[in-house]
Amino acid sequence: MDDRSKLLLKALIERYIADGTPVGSRTLSKESGLDLSPATIRNVMADLEELGLIVSPHTSAGRIPTARGYRLFVDTMLTADKRRLGVPEWPTQTLAPDQPQKVIANAAGLLSNLSQFVGVVMAPRRSSVFRHIEFLRLSERRLLVIIVAPDGDVQNRVIYTEVDYTPSQLVEASNYLNAHFAGLAFDDVRQRLQEEVDNLRGEIAALMQAAVQAGSEAMSQAQEEVVISGERNLLAVSDFSSDMDQLRRAFHLFEEKAQLLRLLDISSQAEGVRIYIGGESKIVPVEELSIVSAPYEVDGKIVGTLGVIGPTRMHYDRMIQIVDITAKMVSNALSHHGITPGR
């Protein structure tokens, strides 16, 4: 592609993002700033279409960008006007509440509110270390295991036991675990317990092993959490209003959080902001969706990913800044709360 073709492609995509209608040669002759006739522009557009960068949705209509065209645009032509993007709408204390879980929920809401699309955050990956364990008897042979992580996060797990433990036995088991194993990962505790089982009374050992198993499962499930905010914002996007099948597929993606987790996990393996455009690969299964994502850190170590999910026809420059700044805010908030990275 020569510079003229690149400039026309950039002008076409920016115009399409702005108003959502196919762009014709006459419009481009005004938008591009080049002294070219509509006939010359039509020839260039034909070349761009042959390269698979734009497509004509209807006979004798203007052109719209393809996934490949968007990719070239965001990789080589995107420029951010910092004066336009540096708006005074960033809250200063939104992501610094008392509970780290609220940081994640508030970050998803912030991403959604600022983008007017969908905000998504993968909860921090933490080591399965516990600070305190306590047992609460719910009924005969049914106990609640309360696990407190070093950052203050609390996980509850119901376990069923073969015997009915007395309150004193429950206190004995929790005291032993807290005195000997607090600050260790559950896998390490399981191994140590196995070695010490001969020195413990059989019933108490069985209870502690069940608690360790429950704690390990609880921490594992907590690490797989994806928080999503603003799904209904897509209902207002004109790109979906005429294609309910795409909208249904988008909502199915949100319901199947496992697929989002895989995508966010891929994002966390790269530095900085990444853009995934629907239709260019199997990573984003919905053709009309794009995802702008970035990893966030705790004390310099990546522990999770967040991003904005919206239509491919989005203002990528603005989404990049929203995601980038929110990732930095989350990193600062979680580092302040002392989240322990698990990577």
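The values are calculated or read from the model by the stated rules, or taken from the named source; none is laboratory data. In this text the structure is predicted, and so the values were computed from the model without any measurement. FYI the Cβ positions are ideal-geometry reconstructions off the backbone, even for glycines, and counts take in every protein chain you see. The protein model used for the area step is the full one, side chains on, heavy atoms only, and it has no ligands, DNA or RNA in it. Shrake-Rupley method; radii C 1.70, N 1.55, O 1.52, S 1.80 Å.
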Does Asn178 meet the test of being in a helix (DSSP H, G or I) and open to solvent by less than 50 Å² (accessible area, probe 1.4 Å)?
-> yes
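Give the range 48-67 a look and list any residue that's among the β-branched types (Val, Ile, Thr), part of a loop (DSSP other than H, G, I, E, B) and surrounded by 12 or more Cβ atoms within 10 Å (Cβ to Cβ), or say none.
Step one: filter the range 48-67 for residues among the β-branched types (Val, Ile, Thr), giving 54-55, 59, 64, 66.
So of that shortlist, the ones also part of a loop (DSSP other than H, G, I, E, B) come out as 59, 66.
Thr66 - this is the single residue of the range 48-67 that is among the β-branched types (Val, Ile, Thr), part of a loop (DSSP other than H, G, I, E, B) and surrounded by 12 or more Cβ atoms within 10 Å (Cβ to Cβ).
So that you can scan it fast, the table gives a plain yes or no per residue for (1) hydroxyl-bearing (Ser, Thr, Tyr); (2) free of Cβ contacts under 8 Å to residues at least 24 places away in the same chain:
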| site | (1), (2) |
| --- | --- |
| Glu14 | no, yes |
| Thr27 | yes, no |
| Glu31 | no, yes |
| Glu50 | no, yes |
| Leu53 | no, no |
| Gly69 | no, no |
| Leu72 | no, no |
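Do we have Met319 as modelled with pLDDT of 80 or more and either farther than 23 Å from Ile54 by Cβ or assigned to a helix (DSSP H, G or I) (or both) here? Full working, then the answer.
On the way: modelled with pLDDT of 80 or more: yes; either farther than 23 Å from Ile54 by Cβ or assigned to a helix (DSSP H, G or I) (or both): yes.
Yes: the conditions hold for Met319.
Modelled with pLDDT under 90 and under 21 Å from Ser331 (Cβ atoms), is that true of Leu114? Even if it seems obvious, please write down each step before you answer.
On the way: modelled with pLDDT under 90: no; under 21 Å from Ser331 (Cβ atoms): yes.
Here the answer is no, as Leu114 does not meet what is asked.
Name the one entry in Ile13, Ile41 that is crowded, with 19+ Cβ neighbours inside 10 Å and touching a strand residue (DSSP E or B) at 6+ places or on another chain (Cβ under 8 Å). Give the derivation first.
Details: Ile41 fails: touching a strand residue (DSSP E or B) at 6+ places or on another chain (Cβ under 8 Å).
Matching residue, one of Ile13, Ile41: Ile13.
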Search the range 145-175 for residues being assigned to a loop (DSSP other than H, G, I, E, B) and charged (D, E, K, R), and hand back the single one that is least open to solvent (accessible area, probe 1.4 Å).
-> Asp153
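Out of the range 284-324, which residues are over 24 Å from Val237 (Cα atoms) and open to solvent by 10 Å² or more (accessible area, probe 1.4 Å)?
Within the range 284-324, Pro295, Glu297, Asp299, Gly300, Lys301, Ile302 meet the criteria.
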Taking Val273 as meeting all but one of (1) touching a helix residue (DSSP H, G or I) at 6+ places or on another chain (Cβ under 7 Å); (2) open to solvent by less than 20 Å² (accessible area, probe 1.4 Å); (3) modelled with pLDDT of 75 or more, write down the number of the exception.
-> (2)
